[in-house]
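Following: one structure in structure tokens, then a few remarks.
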């Protein structure tokens, strides 16, 4: 299956976009990790901006970068949002309240749905096509990419794909050690444009064992299922690159650029 | 799109465990809802509970996955020969070519709620808390994949109350591309504090039983359910998925577009995918949550498209709103209606709100059906419409 990558958004401590990430991946500059607090997305109306949670802000900020880099109108896009734990900090707030007063805030509750980040972005940019938010545990990045490519193949319309992880509160962190935020976003298209970054082919292949992390990806990011996307970004940084990311217990997704 | 064979399906909800019991309730016009007597969630409301599913722990090899959501999934898988049908498909196309695509909104969060109620003095969750195999959104899907002995692609769709309708679209795209030869689709959601207290906070839960499309409706009744369908490429079956539509409202996080604009586009897409028009449709299974806003906007969109002719009903009066399992629950009811030749009624609805406009059937009726639609809409303005047909 083939598609074109039209644009890329990246957010992680010390990485503020694709150009930045590309330079780090090519060894042109070192990664200097600086704390990242996701910016309040400019595209959201004031009410939604106020209500949005940390995870939504992270995902939307990465998506905004990809949208800004694309020549495709936002309202033409379908969306696939992929996160292993989309509501971690909100689940923590909810479960604390439910273990106590049980006076749940309505905003906290609607922010707790897995598709809240996508819903906010859809409202902000007027995206009225299909929106699919998915989870596949540790294999979320690859599953989301396949899901996006299949949607592109079925509709021949561009797809905004975002994959992200937001730090968990300490009690849940013991089970899933996501301590740093990482988020990636891609606009995928069926046709080459003047903005095209790469043409990619994807295929499911037998697993080749542990993921081969680029040396510059900090250990602290590696528990994040979305951080596997940095393996893909490293392949995209140089022409003719290829990458493998885990797709299932015994399968990898191979991406050739 | 090319019609896709639905070779097996099963539904378990408060209305009935398995298709036969569900069919009996639908034909008798008997609701499965009851006043809430949950000792752990004393809210004055009605609920749709499947208590029997919780009495049996998962078999030992799956002990790590044991939680309320997987117990309900396991109970549902045992009905209607569904596991056997999947085994036959697995033998036909190979385990690696059968996908599993399930919807849920809260997965096994009930186990996390319990863990938070029993935190250590240090604030830590108890040592027996299992995040990856219970709480994670994908936990029930991975359990079902393992329980069915499948090795194909899998994922969980979580788009609130459209989740287990959208899985039909995801599966169709995997099948169309030839990535797989068969797919298990479905969904499971169980009663939990998060949804009971969350929907109450939004003032969307009725103290009375839910009364979809009623002039005196006061909100929803939350239910739990699990259901599955088997979709197979390259085989014939009397029942088929003929089309689907997926759209976003881009309007509001928890309130539908007032005129049901996104809902209408989803229904139109489903019709276009099937290469048919509104006049060919015999029955619409409404999303019909019994919230003031949903029924008004959906009813208007359905009426705009189908006029007065098409029989409609929301079967949430039988099952309650089963959230992430609503899509598959109502898809299964729509398939039963097509297979058995009847239009389900609205057991808890007394006087239809004229402002909702569309033709809501109160008492079920026997009638041969050829094409029927099922609507599912969720928070975030996420809409899905499924179109099923019966081969003549």
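The values are calculated or read from the model by the stated rules, or taken from the named source; none is laboratory data. Only a predicted model underlies this, so the values are computations on that prediction, with no experimental measurement involved. Reconstructed Cβ throughout: ideal geometry from the backbone, glycine too, with neighbour counts over all protein chains shown.
Kindly evaluate residue A:184 against the criterion of being crowded, with 20+ Cβ neighbours inside 10 Å, within 14 Å of another protein chain (Cβ to nearest Cβ) and in contact with a helix residue (DSSP H, G or I) (Cβ under 8 Å, 6 or more places away or on another chain).
No, not satisfied.
The set of residues in region B:348-381 that are in a strand (DSSP E or B) and either surrounded by fewer than 24 Cβ atoms within 10 Å (Cβ to Cβ) or out of contact with any strand residue (DSSP E or B) (no Cβ under 9 Å at 6 or more places or on another chain) (or both) comprises B:352, B:365, B:366, B:371. Taken together, A:205, A:232, A:245 contain a single residue that is within 26 Å of residue B:180 (Cβ to Cβ), in contact with a strand residue (DSSP E or B) (Cβ under 6 Å, 6 or more places away or on another chain) and in a helix (DSSP H, G or I), which is A:232.
Going through (1) under 30 Å from residue A:207 (Cβ atoms); (2) surrounded by fewer than 24 Cβ atoms within 10 Å (Cβ to Cβ); (3) in contact with a strand residue (DSSP E or B) (Cβ under 9 Å, 6 or more places away or on another chain) one by one, residue B:207 falls short only on (1). Among residues of region B:24-46 being touching a strand residue (DSSP E or B) at 6+ places or on another chain (Cβ under 6 Å) and not in a helix (DSSP H, G or I), the one that is farthest from residue B:313 (Cα to Cα) is B:36.
Of all the residues in region B:47-66, those that are more than 30 Å from residue B:232 (Cα to Cα) and in a loop (DSSP other than H, G, I, E, B) number 3.
For the residues B:338, B:323, the requirement of being within 14 Å of the chain's Cα centre (by Cα), buried (at least 21 other Cβ atoms within 10 Å of the Cβ) and in contact (Cβ under 8 Å) with a residue 24 or more places away in the chain singles out B:323. Of all residues in region B:121-133, those being facing another protein chain (nearest Cβ under 9 Å) and under 19 Å from residue A:98 (Cβ atoms) number 6. When B:169, B:186, B:227 are checked against the criterion of being in contact with a strand residue (DSSP E or B) (Cβ under 6 Å, 6 or more places away or on another chain), at pLDDT 95 or above, within 9 Å of chain A (Cβ to nearest Cβ) and surrounded by 23 or more Cβ atoms within 10 Å (Cβ to Cβ), a single residue qualifies: B:169.
Does any residue of region B:134-142 turn out to be more than 12 Å from every other protein chain (Cβ to nearest Cβ) and buried (at least 24 other Cβ atoms within 10 Å of the Cβ)? For region B:134-142, residues more than 12 Å from every other protein chain (Cβ to nearest Cβ) and buried (at least 24 other Cβ atoms within 10 Å of the Cβ): absent.
Just one residue in the set A:59, A:12 is in contact with a strand residue (DSSP E or B) (Cβ under 8 Å, 6 or more places away or on another chain), more than 13 Å from chain B (Cβ to nearest Cβ), under 30 Å from residue A:109 (Cα atoms) and crowded, with 24+ Cβ neighbours inside 10 Å; that residue is A:12.
Taken across region B:189-202, residues that are surrounded by 21 or more Cβ atoms within 10 Å (Cβ to Cβ), away from chain A (no Cβ under 14 Å), in contact with a helix residue (DSSP H, G or I) (Cβ under 6 Å, 6 or more places away or on another chain) and over 22 Å from residue B:389 (Cβ atoms) do occur, with at least one present. Screening the candidates B:150, B:155, B:146 for the property of being within 17 Å of residue B:74 (Cα to Cα) and within 10 Å of chain A (Cβ to nearest Cβ) yields one hit, B:146.
Give me the residue from region A:156-181 that is facing another protein chain (nearest Cβ under 9 Å) and either touching a residue at least 12 places away in the same chain (Cβ under 8 Å) or within 10 Å of the chain's Cα centre (by Cα) (or both) and, out of that set, nearest to residue B:152 (Cα to Cα).
A:176
In region B:265-279, is there at least one residue being free of Cβ contacts under 8 Å to residues at least 60 places away in the same chain and under 24 Å from residue A:80 (Cβ atoms)? Yes, some residue in region B:265-279 is free of Cβ contacts under 8 Å to residues at least 60 places away in the same chain and under 24 Å from residue A:80 (Cβ atoms). Scanning region A:231-252 for residues that are in contact with a helix residue (DSSP H, G or I) (Cβ under 7 Å, 6 or more places away or on another chain) and within 13 Å of chain B (Cβ to nearest Cβ) gives A:246, A:247, A:248. For region A:91-135, the set of residues classified as surrounded by fewer than 24 Cβ atoms within 10 Å (Cβ to Cβ), out of contact with any helix residue (DSSP H, G or I) (no Cβ under 6 Å at 6 or more places or on another chain), without any contact (Cβ under 8 Å) to a residue 40 or more places away in the chain and not in a helix (DSSP H, G or I) consists of A:100, A:101, A:103, A:105, listed by residue number. Any chance region A:166-183 includes a residue that's touching a strand residue (DSSP E or B) at 6+ places or on another chain (Cβ under 8 Å) and assigned to a strand (DSSP E or B)? Among the residues of region A:166-183, at least one is touching a strand residue (DSSP E or B) at 6+ places or on another chain (Cβ under 8 Å) and assigned to a strand (DSSP E or B), which makes the answer yes.
Mind checking whether some residue in region A:79-86 is within 7 Å of chain B (Cβ to nearest Cβ) and modelled with pLDDT of 95 or more? Taking every residue of region A:79-86 in turn, at least one turns out to be within 7 Å of chain B (Cβ to nearest Cβ) and modelled with pLDDT of 95 or more.
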